[in-house]
Amino acid sequence: MRIGSVSYEAPFLLAPLAGVSDSPFRQLAREQGAALVYTEMVSADGLARGQRATFDYCRFDPAERPIGIQLFGSDPGVMAEATRVLCDLPAEQRPDLIDVNMGCPVRKVVNRCAGAALLNDVPRIREIVRRMAEVSMVPVTAKIRLGWDGNSRNVVEVSRALEDSGAQAVAIHARTRAEKFEGTAHWEMIGEAKRAVGIPVIGNGDVRSEEDALRMLEQTGCDGVMLGRAAFGDPWVFRRVRAFHERGERLPLPSAGERLAAGLRHLALMVRDVGREAAAREMRKHVAWYVKGLPRSAAMRDQVNKTHSVEEMEELLRGYLAELLTWGEPARDEGGPPDSGAGREGLVAAG
Ligand SMILES: Cc1cc2nc3c(=O)[nH]c(=O)nc-3n(C[C@H](O)[C@H](O)[C@H](O)COP(=O)(O)O)c2cc1C
């Protein structure tokens, strides 16, 4: 599978997820078979102005490659400048792809004509992508929605405009901006876009299981499937999807031991990445997702939210694991894999 000059080994990708697809999580997802990962959306303006905090969002470990950095912004000149800044980084810090966010529905972003608001301005989309592609050493891609609302579902027109302007792939979250994360994704529109363009089309929206992933590939003819919420606390979803796709094999869900070990490892990587104080804060949501569905997980979540240090969090996770092991390590007792439910609070900030 290829996007321009970038090849990846399987059609299953980790979505850009603000506040979730941090570098440690991307590493875990790659280890479990995600073939391509993305940073969360990063401000093009911040990069163009050389803001240090913005560059922090662009850091990644070599093990994460291939990786896309996703930019948000609306000014073609600023988007091109941010692209140039990323391409001027030393080779080991340069991403494999640069993606443009054209799907974020939140007011703060769309009020500045960025994110999903770009879907209302196809000439601007053309200008942004053309200018980025002109200066970029790596493929430029875009992640879009079906349109602004039910009366303006212009996904086919936008996909064509992206291709004409030099984008080398398009990922489609099959909802309009008005739909945010509600209802069911309209996969048939991914198929329509696929038939209209020659660049790779990546489908996205509501893929939660092995069956969903294969159904999306078959029903839409898309070239890749991007998973977001299904991977919260469950990077193994990529391993399961790939085993089912490659061999028709259905792998078991991760055990409690695997999940808590992953939580501890995620925490250790996070400490290395952002330091102890920020790690303790950032990891609360991830730990809540890792324990979701395990016995007494609601109480465990409450306790995690009251921790103030990495040590406390580690101790809590180790104690919980010991407790579960004495019970014979049940895999899950409260239903299926973690799903969007755990991430509701994230939806308000989502793309
Ligand atoms: C917490 C959260 C953060 C998100 N952040 C981004 C983002 O930074 N950029 C983006 O293009 N999409 C973002 N999205 C949208 C997802 O990439 C994806 O399109 C959406 O969740 C639908 O896919 P899913 O059903 O597999 O979750 C976010 C979604 C969530 C839930």
What is the stretch 256-326 by shape, rounded, prolate or oblate, if you read a ≥ b ≥ c off the alpha carbon gyration tensor as root eigenvalues and call it rounded for a/c under 1.5, prolate for a/b larger than b/c, and oblate otherwise?
prolate
The long-range amide H neighbours of Ala171, using H built 1.01 Å from N in the peptide plane and a cut-off of under 5 Å, are Ala142, Lys143, Ile144, Ile202
Within the set of other residues whose C-beta is less than 9 Å from the C-beta of His173, count the net charge using Lys and Arg as +1 and Asp and Glu as -1.
+3
Have a look at His266, Gly293, Leu325 and report the one farthest towards the positive end of the charge dipole of the stretch 256-326, computed about the Cα centre with Cβ charges (Lys/Arg +1, Asp/Glu -1).
Gly293
So if I take the alpha carbon set of the chain, get Rg, then get Rh from the Kirkwood formula, what is the Rg over Rh ratio?
0.97
Could you rank the peptides 11-22, 152-163 by their average count of other C-beta atoms within 10 Å per residue, with the highest value first?
11-22, 152-163
Kirkwood hydrodynamic radius over Cα pairs of the stretch 1-123, then Stokes diffusion coefficient at 10 °C and 1.306 mPa s, in µm²/s
107 µm²/s
Taking 0.36 nm per residue of separation between Glu9 and Leu214 and subtracting their Cα-Cα distance, the length gained on full extension comes to 72.2 nm
Kindly work out what percent of the DSSP beta bridges joining two residues of the stretch 2-252 are antiparallel, to the nearest 5.
5 percent
Under 14 Å from a point 7 Å along the Cα-to-Cβ line of Ala91: which residues of the stretch 61-82 have their amide N that close?
none
In whole angstrom, how far apart do the alpha carbon centroids of the stretch 189-215 and the stretch 28-106 sit?
23 Å
Taking the chain as a Gaussian network, where each spring joins two C-alpha atoms under 10 Å apart, which residue of Asp302, Asp99, Asp223 fluctuates the most?
Asp302
Sort largest first and round to whole Å: the equivalent ellipsoid semi-axes of the stretch 34-101, each the square root of five times a Cα gyration tensor eigenvalue.
19, 12, 10
Residues with beta-carbon under 13 Å from that of Ser136, excluding Ser136: net charge, scoring Lys, Arg +1 and Asp, Glu -1?
-1
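Which helices count as membrane-span-like in the chain under these terms: full DSSP H, at least 18 Å along the axis by C-alpha, Kyte-Doolittle mean of -1.0 or more?
Span-like helices here: 122-135, 256-274, 276-291, 310-326.
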Below 27 Å, Cα to Cα, which lysines can Lys143 reach? Residues fewer than 8 away in the same chain don't count.
Lys108, Lys180, Lys194, Lys285
All other residues with a Cβ under 15 Å from the Cβ of Pro123 taken together, and with Lys, Arg as +1 and Asp, Glu as -1, what is their net charge?
0
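FYI, it's all coordinate maths here, none of it is from the lab. Only a predicted model underlies this, so the values are computations on that prediction, with no experimental measurement involved. Cβ atoms come from the backbone with ideal geometry, glycine included; neighbour counts cover every protein chain shown.
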